[in-house]
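Trainee: After the C-alpha cells below, expect a handful of questions from me.
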Amino acid sequence: MTIILDAMGGDHAPEAVVAGCKAALEQLDVDLILVGREKQIRREMEICGLNSSRVRIVHAEEVVLGEDDPVDAIRRKKDSSMRIALSMLKNGDGDVVVSGGNTGALISGITLLVKRMKGVRRVALAPILPTVKGGVLLLDAGANVECTPAFLRQFAVMGSIYMETVMGISKPCVRLLNIGTEEEKGTPLIIKTHRLLKELPINYGNYIEARDIPLAGADVVVCDGFTGNVVLKSIEGMGSAINMMIKGLFLKNAVTKLAAGLVHGGLKTLKKSMDYTEYGGAPILGAAKPVIKAHGSSDGNAFFHAIRQAELVVRNRMTEIMAEKIKQYDTDESLMEKEEVLCTQK
C-alpha cells in the first residue's frame, strides 16, 4: 500500500508531516510518498532520523496557502504539492492522499482532478469527534455550506457505509442534527430531509440536538457544512478548554497537586479521549479515490493518526464498497421519485 502525503500542507509542515511519517513507518506496513520541496523535506528527515527505503520524495516547488482562493490555487499552482499529490492519486501512483492544507483547495482538487464517485452529488468532509463512548462521524463539516435534502440524504448513506466498513460498527445509528426532536420542528430543509431519511434502508434514529453529540447519541450525525463546521470547532474548543480548566484546578495548591499525582493515569486517559487528533484525519467521502484531510494545526502525532486512518480506509476497501452501494441506492427508482418530489416541494 502506498500513501501519498502533501508534505507542505498544514501550519507545521513539513516538520510535522515528516514526524508523522516516521511514526507510521514504525507501526504500519506502508510505503510513503512525500510531495513538496525536496530540500526542506530531506532536512526534516535528517533532523528526526528518518531514513527508509519505504519513503520516496517527489519535488513540488509551489505551496497552496491558507489564504489562496481554492479554485485558483488548484488551476494556477500546477507545481504545488497538493495538486501534484492529487494528480498522482488520479494516475494510480498511490492508493490514498493525506493533506493538512487548504480545505477548500483540497475539495476543489478532488472535484477537478480526482472526481466524485458516479452518482455522488457532493463530497462531504467527515471528521470523527470524541464522545463519552468513542467517536461520532459528523458530515458535512465544511465542504458544502448550503445543502439540499438530496445532498443530506446521500451524506447519511455515505456516513453509514463508512462507519460500518472502516470503524466496524454494525448498523450504525444515523441521526439528523436539529434544534429539537419534535417531528415537524426545524427548517424546511431539515423537515424534508427527515422524511427522506425515514425511507432509507439504514438505521436512522430521527433527530439529534447538538448537546447530545458528545454524549454518544449517534454514530453518524448529518447536517449542512456551515452548521457542521460550527459544531466541529465548538467541540474542539470545548475539549481544549476543559483540559485547561482541569490542569488549572490540580495546580491550584499543594493539596490539589498531590491529588493530581494520585489520579495522573486517569487524567492522562481523559485528556487523550478528548483529543480529536487521536481519531485520525477526516475522510472526504464521495471522492472517486480516498483522500484524508488532516487538521491544519496538526502536529506529528496528529499526522500519524491521519496516516493510520488512510491505511484503514484502503485496507477495508471503503471507496470501492461505497461506490457500489451508492450505485444500488440511486438505482431505486421509487425512492428517487419520492426524493425529487420532496426536494421541489414548497
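Each value in this text was obtained by applying a stated rule to the coordinates, not by laboratory testing. These numbers were taken from a predicted model, which means no experiment stands behind them. All Cβ positions, even for glycine, are placed from backbone atoms using ideal geometry, and neighbour counts span all protein chains on display.
Trainee: Report for the chain the percent antiparallel among DSSP-assigned beta bridges with both residues inside it, nearest 5. Intermediate results must be reported in sequence, preceding the final value.
Mentor: On the way: 9 of 35 bridges.
Taking every DSSP beta bridge within the chain, about 25 percent pair in antiparallel fashion.
Trainee: What does the charge add up to near residue 16, with Lys and Arg as +1, Asp and Glu as -1, over the other residues with Cβ less than 10 Å from its Cβ?
Mentor: Details: positive: none; negative: 11, 15, 44, 299.
Net charge in that neighbourhood comes out at -4.
Trainee: In whole percent, what relative contact order does the chain give with Cα contacts below 8 Å and a gap of six or more residues?
Mentor: Details: 692 pairs, mean separation 79.9, N = 346.
The value is 23 percent.
Trainee: OK, next. Which of the peptides 238-244, 80-86, 110-116 is most tightly packed, and how do the rest follow, judged by the mean count of other Cβ atoms within 10 Å per residue? Walk me through the numbers on the way to the answer.
Mentor: On the way: 238-244: 13.0, 80-86: 28.1, 110-116: 18.1.
Sorting 238-244, 80-86, 110-116 by mean packing, highest first, produces 80-86, 110-116, 238-244.
Trainee: Output the peptides 187-198, 219-230, 247-258 sorted from most to least packed, where packing is the average of other Cβ atoms within 10 Å over each peptide's residues. Each step should come with its number before you reach the end.
Mentor: Values: 187-198: 18.4, 219-230: 24.1, 247-258: 10.9.
Final packing ranking: 219-230, 187-198, 247-258.
Trainee: OK, next. Where in the range 173-203 is the amide nitrogen less than 18 Å from a point lying 7 Å along the Cα-to-Cβ axis of residue 146?
Mentor: The answer is 187-193, whose backbone nitrogens lie closer than 18 Å to the label point.
Trainee: Show me the helices of the chain, taken as full DSSP H stretches, that run 20 Å or more along their long axis by Cα and average -0.5 or above in Kyte-Doolittle hydropathy.
Mentor: Working: long enough: 149-165 (24 Å, 0.54); 225-250 (38 Å, 0.77); 300-315 (22 Å, 0.29).
Membrane-span-like by this rule: 149-165, 225-250, 300-315.
Trainee: Under a Cβ-Cβ cut-off of 12 Å, what is the net charge of the residues other than residue 31 that fall near it, where Lys and Arg count +1 and Asp and Glu count -1? Can you show the working numbers first?
Mentor: Values: positive: 54, 56; negative: 29, 93, 95, 311.
After counting each charged neighbour, the total is -2.
Trainee: If you don't mind, another one. With Cβ to Cβ distances under 10 Å as the rule, what net charge do the other residues near residue 219 carry (K, R +1; D, E -1)? Could you put the intermediate results ahead of the total?
Mentor: Numbers: positive: 133, 171, 175; negative: 164.
Neighbour charge sum, excluding residue 219 itself: +2.
Trainee: For a quick protection proxy, order the peptides 51-59, 12-20 by their average other-Cβ count within 10 Å, most packed first. Display every interim value, and only then the final one.
Mentor: Details: 51-59: 14.0, 12-20: 24.6.
Taking the mean over residues of other Cβ atoms within 10 Å, the ranking is 12-20, 51-59.
Trainee: Report the full-extension gain for the segment residue 249 to residue 54: residue separation times 0.36 nm, less the Cα-Cα distance, to one decimal in nm.
Mentor: Numbers: separation 195, 0.36 × 195 = 70.20 nm, distance 4.57 nm.
Once the chain is fully extended between residue 249 and residue 54, it gains 65.6 nm.
Trainee: Quote the charge dipole size of the chain about the Cα centre in Debye, to the nearest 20; the model charges only the Cβ of Lys and Arg (+1) and of Asp and Glu (-1).
Mentor: Working: 43 positive and 42 negative charges, 86 e Å.
That gives the chain a dipole magnitude of about 420 debye.
Trainee: Run the numbers on the range 81-214 and let me know its relative contact order in percent, using alpha-carbon pairs under 8 Å that are six or more apart. Provide the component values of the computation, followed by the final result.
Mentor: Details: 153 pairs, mean separation 24.2, N = 134.
Averaging sequence separation for qualifying contacts and normalising by length gives 18 percent for the range 81-214.
Trainee: So how many Å³ per residue does the convex hull of the Cα atoms of the chain work out to?
Mentor: Details: hull volume 50.5 nm³, N = 346.
Expressed per residue, the convex hull around the Cα atoms of the chain is 146 Å³.
Trainee: I need the phi-derived Karplus couplings for the range 91-98: 6.51 cos²θ - 1.76 cosθ + 1.60, θ = phi - 60°, integer Hz, Gly and Pro marked x.
Mentor: 7, x, 7, x, 9, 6, 10, 10
Trainee: Right, another one. Is the C-alpha gyration tensor of the range 7-78 telling us rounded, prolate or oblate? Criteria: a/c under 1.5 is rounded; beyond that, a/b larger than b/c is prolate, otherwise oblate. Mind showing how you got there, number by number?
Mentor: Working: a/c = 2.15, a/b = 2.09, b/c = 1.03.
Cα axes put the range 7-78 in the prolate bin.
Trainee: Can you give me the relative contact order of the range 176-235 as a percent, contacts being Cα pairs under 8 Å and 6 or more apart? Don't skip to the answer; put the middle values down first.
Mentor: Working: 49 pairs, mean separation 23.1, N = 60.
Over the range 176-235, the number comes to 38 percent.
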